[in-house]
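Reviewing the structure listed below.
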Amino acid sequence: MSVVDDISFPAPRESGCPFDPPPAFRRAATRISLWDGKPCWMLTDYRDVRAVLSDRRFSADTRNPAFPFLLPGQQQLRREKPNFLRLDDPEHARLRKMLTTDFLIKRVEAMRPDIQRIVDETLDAMVGHGSPADLVAEFALPVPSLVICDLLGVPYEDHEFFQRQSVRLLDSTIPPQDVRAAFDLLIEYLTDLAATKHAGSTGILAKLAARDDLSAEEVANNGLLLLLAGHETTANMTSLSTLVLLRNPAQADRLRAEPELIGGAVEELLRYLTIVDTGLPRVAMEDVELSDGLVVKAGEAVLLILSMANRDEELFPGATDLDVTRDARRHLAFGFGVHQCLGQPLARAELQIALSTLLRRLPRLRLAVPFEEVAFRNETLIYGLKQLPVAW
Amino acid sequence: MHVTVDQDRCCSSGQCVLTAPDVFDQSEEDGLVLLLQDRPDPALLPKLRTAAALCPGGAITVAAEQVEEVEA
Ligand code: SF4
């Protein structure tokens with residue numbers, strides 16, 4: 001069990017199916033070595049992943065010297081005041097609580113008509129430009145972008161700037177100083193925006209800026225987390241899900257015939273695609289025993305491979321196949337424990353509305369290029385597509 | 001059947017509200033779980049078990065019946 005393998009993140013998928021987890025992710029607990037030579041446990045078992053994520057003896061704090069960084073660029077982003085994803089309770093809880101009411105189930109449910117309008121208008125524009133189109137640029141990215149900009153109070157007019165910088169921030173192939181530069185530009189942008197928003201305007205950024213107990217740095221760091229999370233994940237889930245459905249026409253037909261299946265189908269797509277699949281990093285604060293007698297010692301780092309956990313055959317029989325009628329709700333695509341994705345009600349609503357509207361309004365949607373030519377984003381920390389040329 | 005929630009463990013994910021809206025709600029002030037009824041209809045047991053399993057904070061406990069503690 002103590003084999004040391006070198007592994008790079010994101011791990012390449014070339015030889016396998018582009019929807020399956022990278023072949024380098026193996027099914028047993030493995031001792032791996034990261035880019036800086038740091039040893040780390042790679043855990044893939046559903047029970048282990050879930051146990052670690054819900055165990056407060058594991059820390060998510062990037063200021064811990066043992067914290068495993070997947071890339072040199074990430075290490076450069078180590079901050080005095082990290083966003084709440086990178087803090088433990090009680091600091092994490094304090095910051096997260098400021099945002100929970102913005103993502104209440106009821107709040108998000110009330111946003112559905114607005115999301116539907118955004119989806120319809122975006123689709124109208126894409127159809128208006130004529131077939132073929134790039135579904136990423138004309139639909140999958142603008143929809144969540146418009147939604148999160150509205151919610152945060154960030155002007156959508158600036159989307160080209162912050163989308164370009166966000167892509168650089170998550171790119172594993174550019175030099176660390178360029179990642180840092182992208183980060184600084186985004187922070188500067190959000191700091192300025194928060195300062196001007198302070199006076200009475202709406203949106204989460206203004207709400208945070210108006211608080212006395214948050215520094216400008218905390219406002220910008222947490223604003224950036226929401227901006228990034230709101231874009232990259234939902235946009236990539238929308239485009240990848242569309243591609244998967246085009247590759248599984250029987251499943252798409254089933255969804256067209258029974259639109260009420262969309263809620264479950266989105267859970268299954270989240271499970272099957274698990275786009276945050278580079279591994280969630282944690283550090284053990286005490287010795288902890290996991291399944292099969294594996295003991296992670298205090299101070300040891302672990303990476304939790306969500307995509308492998310979500311292919312657990314016991315929990316999801318036939319896990320390597322997409323089945324939109326499966327009960328997949330126990331998937332870990334949003335993580336688990338206190339850090340489980342705050343925006344998941346919003347992500348669910350957006351995906352359900354975007355995909356069902358697409359299926360309904362463009363029943364003849366098809367790939368406009370051979371599947372082999374579809375450009376996957378394998379170099380970023382969130383899996384997705386660069387482009388998705390479609391016709392209808 | 002008896003349901004309990006621990007607000008200290010709740011991280012306001014709303015999984016419980018999505019799964020069993022007759023039994024759980026979220027506070028409008030802070031998003032924390034609110035228990036609407038602690039002895040719900042036994043027919044809801046499967047849903048409540050799902051809610052407990054999905055709760056990322058481990059904040060929900062469902063006891064199907066009072067079981068006597070047996071010393072091992
Ligand atoms: S599922 Fe758990 S963490 Fe989420 S709101 Fe309900 S009790 Fe709180």
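The values are calculated or read from the model by the stated rules, or taken from the named source; none is laboratory data. Only a predicted model underlies this, so the values are computations on that prediction, with no experimental measurement involved. Here the Cβ positions follow ideal geometry from the backbone for every residue, glycine too, while neighbour counts run over all protein chains shown. With ligands, DNA and RNA removed, areas are computed over all heavy atoms of the protein, side chains included. Shrake-Rupley method; radii C 1.70, N 1.55, O 1.52, S 1.80 Å.
Of A:ARG107, A:ARG112, A:ARG94, all but one fail to be modelled with pLDDT under 90 and either in a loop (DSSP other than H, G, I, E, B) or charged (D, E, K, R) (or both); the exception is A:ARG94.
Would you check if there is a residue in region A:103-117 being within 14 Å of chain B (Cβ to nearest Cβ), among the polar types (S, T, N, Q) and over 23 Å from A:PHE376 (Cβ atoms)? No - not one qualifying residue is present in region A:103-117. All conditions but one from (1) in a loop (DSSP other than H, G, I, E, B); (2) within 14 Å of chain B (Cβ to nearest Cβ); (3) not hydroxyl-bearing (Ser, Thr, Tyr) apply to A:VAL369; the one that does not is (2). A search for C-beta distances below 9 Å between a residue of region A:98-111 that is crowded, with 20+ Cβ neighbours inside 10 Å and any residue that is among the basic types (Lys, Arg), counting only pairs 6+ apart in sequence or on different chains, returns A:VAL108/A:ARG348.
When only residues in region A:218-254 that are farther than 30 Å from A:LYS97 by Cα and among the charged types (D, E, K, R) count, which is least open to solvent (accessible area, probe 1.4 Å)? Looking at the filtered set, the residue picked out is A:ASP253. Within region A:63-97, restricting attention to residues that are under 25 Å from A:GLY37 (Cα atoms) and within 14 Å of chain B (Cβ to nearest Cβ), which residue is surrounded by the most Cβ atoms within 10 Å (Cβ to Cβ)? In this case the residue turns out to be A:LEU87. Can you tell me which residue is farthest from the ligand (Cβ to nearest atom) among those in region B:1-42 that are assigned to a loop (DSSP other than H, G, I, E, B) and among the acidic types (Asp, Glu)? My answer is B:ASP41.
Looking at this structure, is A:GLY343 more than 14 Å from chain B (Cβ to nearest Cβ), in contact (Cβ under 8 Å) with a residue 24 or more places away in the chain and under 16 Å from the mean Cα position of the chain (by Cα)? Can you show your working first?
Numbers: more than 14 Å from chain B (Cβ to nearest Cβ): no; in contact (Cβ under 8 Å) with a residue 24 or more places away in the chain: yes; under 16 Å from the mean Cα position of the chain (by Cα): yes.
When the stated conditions are applied, A:GLY343 does not pass them.
Here B:GLN7, B:GLN26, B:GLN15 are screened, and the one residue that is farther than 14 Å from B:ALA53 by Cα and either acidic (Asp, Glu) or within 11 Å of chain A (Cβ to nearest Cβ) (or both) is B:GLN26. The lone criterion from (1) within 16 Å of the ligand (Cβ to nearest atom); (2) free of Cβ contacts under 8 Å to residues at least 24 places away in the same chain left unmet by A:ASP287 is number (1).
Given the condition touching a Pro at 6+ places or on another chain (Cβ under 9 Å) and within 30 Å of A:LEU34 (Cβ to Cβ), answer yes or no: does some residue in region A:241-263 qualify? No: region A:241-263 contains no residue that is touching a Pro at 6+ places or on another chain (Cβ under 9 Å) and within 30 Å of A:LEU34 (Cβ to Cβ).
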